[in-house]
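Worksheet for the structure shown next.
The values are calculated or read from the model by the stated rules, or taken from the named source; none is laboratory data. Remember, it's a predicted structure, so these values are computed and weren't measured experimentally. Note: ideal-geometry Cβ built from the backbone for every residue, glycine included; neighbour counts use all protein chains shown. These accessible areas exclude ligands, DNA and RNA; they are computed on the full protein's heavy atoms, side chains included. Shrake-Rupley method; radii C 1.70, N 1.55, O 1.52, S 1.80 Å.
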Amino acid sequence: LGTSYCAAIANSTTYPGIQTVVGSAGVAENELTLVASRLPDSSFGYFLASPNQAMGTTLPGSMGALCLGGPLRGLVMTVMQSDAAGTASDFIDQDTLPGSTIVMTGSTMNFQGWYRDVGPTSRFTAGAQVTFL
């Protein structure tokens, strides 16, 4: 579901983190789940969202590029943690997105995972863009 954009760089697993979206882009269905994979085992992080893309900004203490433009939204108040296979997921309730974000038919949202890698650094997954139906 959606379109991948903004390639991620390899992390300590030797693979780049991947961001996928599963479920339905239908506003009425409200069945959207974000999945980050190829992360280090037990890695902590956040799922981020924005209606806008950016060229890729490097944040202090981070490797790779944040490819979301403003306004940037953290999607969950809790921290995600990858399992032993390096996968983390979270259901996104389109009716309660932070920052008064409203999802309507025809609107577009971009998603990216920000996670902790081995050592004192963090990285980003590739981005995923979804246009809602």
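A few comments on the model shown:
- Put a plus charge on the Cβ of each Lys and Arg, a minus charge on the Cβ of each Asp and Glu, and nothing anywhere else: the dipole of region 19-133 about its Cα centre is then about 380 debye.
- Between Pro16, Pro60, Pro71, the residue with the greatest mean-square fluctuation in the GNM of the chain (Cα pairs under 10 Å linked by springs) is Pro60.
- Order by protection proxy (mean Cβ within 10 Å, highest first), peptides 63-69, 27-33: 63-69, 27-33
- In terms of its C-alpha gyration tensor, region 20-125 has an oblate overall shape, because the principal axis ratio a/c (a ≥ b ≥ c, square roots of the eigenvalues) is not below 1.5 and a/b does not outweigh b/c.
- For the chain, the per residue solvent-accessible surface stands at 49 Å², with DNA, RNA and ligands left out and a 1.4 Å probe.
- Going by accessible surface with a 1.4 Å probe and the largest first, Thr57, Thr96 read Thr96, Thr57.
- ³J(HN,Hα), Karplus 6.51/-1.76/1.60, whole Hz, each residue of region 23-35, x for Gly, Pro: x, 9, 8, x, 4, 5, 6, 6, 10, 10, 10, 8, 10
- Taking Tyr15, Tyr115, Tyr46 in turn, the Gaussian network model of the chain (Cα-Cα springs below 10 Å) assigns the largest fluctuation to Tyr15.
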